[in-house]
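Any read-out appearing in this document is the output of simple, stated calculations on the displayed coordinates, not a laboratory observation. Given the structure is predicted, the values throughout are model-derived calculations rather than measurements. As a convention, Cβ positions derive from the backbone with ideal geometry for all residues, glycine included, and neighbour counts pool all protein chains shown.
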Amino acid sequence: MKRVVVGLSGGVDSSVAAYLLKEQGYEVIGLFMKNWHDDSVTISNECPWLEDSNDAMLVADKLGIPFQTVDLSEQYKERIVDYMFSEYEKGRTPNPDVLCNREIKFDVFMKIALSLGADYVATGHYCRKAEIETENDPVYQLLAGVDQNKDQSYFLCQLSQEQLAKALFPIGELTKPQVREIAAKLDLITADKKDSQGLCFIGKVRLPEFLQQQLKPKEGLIYEVDANHPIYNQPKPSFQTKEEELAFLAKDIAYEPQFGKVVGNHQGAHYFTIGQRKGLNVGGTKEALFIVATNVNDNAIYTGQGHAHPGLFKKALFIDQSELHWIREDLRLAPGETMEVMVRVRYRQPLQKATLHQVNSGMYIEFNEPQSAITQGQFAAWHIDDELIGSGVIA
């Protein structure tokens, strides 16, 4: 009998994952990860860890599986929270959920599970795993979940072959309604529980207040740049090489105060991100204002009216070589090679047609259509059909 440790989060997905594994004949152990102590920044007990660990314990009890809590708050602070602060400080927008899977669930947590004699670690992610037999070792594939509306493969885009080898995703073949139905039939306390929002395992956090713990407020100006500004209508230079053209397409516009007019104040450019619409508190414009750029050095925010503003769109992005990650190492490109793929630059974004261009310093992703709000620090993930094959941090 193979032993599986399930990360029981106190939600319906991991509860049903544990049940399915038990039905399949595995020896199942439930483990709850405590990743956070500070309740002062979570919003009105939306998802306090105490309630979640109680729910996880009740589910384990109902399923008749052993249960314990592990405190990973120290590692979480070190690997996730400190990283978040440093990224925001640089004016980038990190994705803590992707990191939490790579660094906590499938690293720290997985090592604890293996030390308990587990053969596998399972989570309640909506994705699937497949295996291809090769001459040497088996190659593991990360596939989208069957429920198109809930596919969470994006959050696992940084996993390695070693991590995938030990991972199980029992609900990947099911839809959310089917998962809730199973939980209701079993009369699990989590059957109707709302999905948790916000930071992985912390709950719903007031992000500005969370960031203010380390990044001090600093008043600055909000500028509005007109959609017809000459900066958006510059003639395209001629290029000697494809790489020169890609560098041009991926380059951010260097905004300056004289490009726009002052429309408001903010409390710190590092609290804001490209494409953001809420939280600016500027009224009186015909269309909503969207952030087209932030500058943490000058503490300035640049905005434009409407979601079709040209400042939001780019045709290409760059990923530094050190930030490139291939789940399918066997498909890795050599400098000069290209590959046609489908890409998303944020969770829930529909997949977009694009071409990968590997160069010596990293990789360019060139989209068939310009993309809105490509944001530094977020992950771009690329797919062939329903398989996620690689990802990287947008530079």
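Annotation note: GluC sites (Glu not before Pro) in the stretch 290-395 located in DSSP loop regions with a Cβ neighbour count of at most 13 within 10 Å are Glu337. Across the chain, C-alpha contacts under 8 Å between residues 6 or more apart give a mean separation that, scaled by the residue count, equals a relative contact order of 17 percent. The simple spin-label model puts a point 7 Å past each Cα toward its Cβ; for Leu58 and Asp226 those points are separated by 6.0 nm.
Give me the percent of DSSP beta bridges within the stretch 1-153 that run antiparallel, rounded to the nearest 5.
On the way: 6 of 19 bridges.
The answer is about 30 percent antiparallel.
Please give every one of the lysines within straight-line cross-link reach of Lys286, meaning a C-alpha to C-alpha distance under 20 Å, and leave out same-chain neighbours fewer than 8 residues apart. Of all the lysines, those that pass the test against Lys286 - Cα under 20 Å, at least 8 places apart if same chain - are Lys261, Lys278. A straight line joining the Cα centroids of the stretch 282-325 and the stretch 231-259 runs 15 Å. For the chain, the longest principal axis of the Cα atoms and the long axis of helix 49-63 meet at an angle of about 40 degrees. For the stretch 246-395, the spread of Cα coordinates along the three principal axes comes to 53, 28, 23 Å, biggest extent given first.
At a Förster radius of 35 Å, what calculated FRET efficiency corresponds to the Cβ-Cβ distance of Thr285 and Glu133, to the nearest 0.05?
0.05
Available extension along the chain between Lys185 and Gln234 is 11.4 nm, counting 0.36 nm per residue and deducting the alpha carbon span.
If you filter the stretch 204-271 for chymotrypsin sites (Phe, Trp or Tyr not before Pro), then keep DSSP loop positions with at most 15 other Cβ within 10 Å, what is left?
Those satisfying the criteria are Phe239.
Within straight-line reach of Lys150, meaning a Cα separation under 17 Å, sit the following lysines at least 8 residues removed in sequence or on another chain: Lys129, Lys176, Lys193, Lys194.
Per residue, the convex hull spanned by the Cα atoms of the stretch 66-202 amounts to 149 cubic angstrom.
Label reach from Glu173 (point 7 Å along Cα→C-beta): in the stretch 143-166, amide nitrogens under 18 Å belong to 143-148, 151-152.
Between Gln267 and Asn297, full extension at 0.36 nm per residue minus the direct alpha carbon distance yields a gain of 9.4 nm.
What ranking, highest mean first, results for peptides 118-129, 89-100 when packing means the other Cβ atoms within 10 Å averaged over each residue?
On the way: 118-129: 21.8, 89-100: 19.8.
Highest mean packing first, the order is 118-129, 89-100.
Modelled spin labels at Ala254 and Leu331, positioned 7 Å past Cα toward Cβ, are 3.7 nm from each other.
With angles folded into 0 to 90 degrees, how steeply does helix 12-23 sit against the dominant principal axis of the chain? Use alpha carbons for both and round to 10. Relative to the chain, helix 12-23 is tipped by roughly 40 degrees.
Among the listed pairs Lys34/Lys353; Lys218/Lys315; Lys90/Lys314; Lys2/Lys185, those whose Cα-Cα separation exceeds 29 Å are Lys34/Lys353; Lys218/Lys315.
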